[in-house]
């Protein structure tokens, strides 16, 4: 075999291995991660999640166990999608010292309550919230924060509130855009 043929084979093998590696990486999919029981706890406590680890960036997160409890976002996290809605009771997701960056859809149903006490709520994903309390922190990002008809929204005194670049829609009829 000539030297040029050997080099050509090496190039083809390298290209095949490189393409195979890229294909393997692209097959990794986001997981669906569920809060296991109606017990309060921190987002970063892996023992509370169905996978045994806190959700990774891009994962679909479901918090829907029946009962009344709170999940506290105490780290920076960026789920690909979020559903917060207990069948009975209230599942509360509280963003405190951490940040919740939604780059996919977020839904807070009638059995859910999204609280922003400090930290930040951001990202490009749209969030629809039936119940929302804002006692401090920052709301930002290109996505919409929508309060459907009948939503309960509380903006509390005492904390610092910053709103940047996010559209807030109230009852599907009017929008408030602050930049």
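The values are calculated or read from the model by the stated rules, or taken from the named source; none is laboratory data. Computed from a predicted model, the values in this text were never measured in an experiment. Glycine also receives a Cβ, built like all others from the backbone with ideal geometry; neighbour counts cover every protein chain displayed.
Conditions (1) under 21 Å from residue 163 (Cβ atoms); (2) out of contact with any helix residue (DSSP H, G or I) (no Cβ under 9 Å at 6 or more places or on another chain); (3) assigned to a loop (DSSP other than H, G, I, E, B), marked per residue:
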position: 34; (1), (2), (3): no, yes, no
position: 38; (1), (2), (3): no, yes, yes
position: 47; (1), (2), (3): no, yes, no
position: 61; (1), (2), (3): no, yes, no
position: 67; (1), (2), (3): no, yes, yes
position: 92; (1), (2), (3): no, yes, no
position: 100; (1), (2), (3): yes, yes, no
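From the list 106, 123, 158, pick out the single residue that is in the same structural domain as residue 58 (by TED's automatic domain parsing) and buried (at least 22 other Cβ atoms within 10 Å of the Cβ). Full working, then the answer.
Values: 123 fails: buried (at least 22 other Cβ atoms within 10 Å of the Cβ); 158 fails: buried (at least 22 other Cβ atoms within 10 Å of the Cβ).
Criteria check complete, one pass: 106.
Which residues, taken from the range 119-135, are within 14 Å of residue 100 (Cα to Cα), assigned to a loop (DSSP other than H, G, I, E, B) and modelled with pLDDT of 95 or more?
Matches in the range 119-135: 123, 124, 125, 126.
Mind counting the residues in the range 151-179 that are part of a loop (DSSP other than H, G, I, E, B) and either touching a strand residue (DSSP E or B) at 6+ places or on another chain (Cβ under 6 Å) or at pLDDT 90 or above (or both)?
Filtering the range 151-179 down to residues part of a loop (DSSP other than H, G, I, E, B) leaves 151, 156-160, 165-166, 171-173, 178-179.
Still in the running and either touching a strand residue (DSSP E or B) at 6+ places or on another chain (Cβ under 6 Å) or at pLDDT 90 or above (or both): 151, 156, 165-166, 178.
Summing the residues that are part of a loop (DSSP other than H, G, I, E, B) and either touching a strand residue (DSSP E or B) at 6+ places or on another chain (Cβ under 6 Å) or at pLDDT 90 or above (or both) in the range 151-179 gives 5.
Counting only residues that are farther than 11 Å from residue 64 by Cβ and surrounded by 19 or more Cβ atoms within 10 Å (Cβ to Cβ), how many does the range 84-95 have?
Initially, the range 84-95 is screened for residues farther than 11 Å from residue 64 by Cβ, giving 90, 92-95.
Retained after the next criterion (residues that are surrounded by 19 or more Cβ atoms within 10 Å (Cβ to Cβ)): 92-95.
So the answer is 4.
Residue 53 - would you say it is assigned to a loop (DSSP other than H, G, I, E, B), at pLDDT 95 or above and in contact with a helix residue (DSSP H, G or I) (Cβ under 9 Å, 6 or more places away or on another chain)?
On the way: assigned to a loop (DSSP other than H, G, I, E, B): yes; at pLDDT 95 or above: yes; in contact with a helix residue (DSSP H, G or I) (Cβ under 9 Å, 6 or more places away or on another chain): yes.
Judged against the criteria, residue 53 is a match.
Can we say residue 44 is at pLDDT 95 or above, over 17 Å from residue 114 (Cβ atoms) and surrounded by 19 or more Cβ atoms within 10 Å (Cβ to Cβ)? Spell out how you get there, then give the answer.
Values: at pLDDT 95 or above: yes; over 17 Å from residue 114 (Cβ atoms): yes; surrounded by 19 or more Cβ atoms within 10 Å (Cβ to Cβ): no.
Answer is no for this residue.
Which of the residues spanning the range 136-149 are surrounded by fewer than 17 Cβ atoms within 10 Å (Cβ to Cβ) and either in a strand (DSSP E or B) or without any contact (Cβ under 8 Å) to a residue 12 or more places away in the chain (or both)?
Once the filter is applied, which keeps residues that are surrounded by fewer than 17 Cβ atoms within 10 Å (Cβ to Cβ) and either in a strand (DSSP E or B) or without any contact (Cβ under 8 Å) to a residue 12 or more places away in the chain (or both), the range 136-149 yields only 144.
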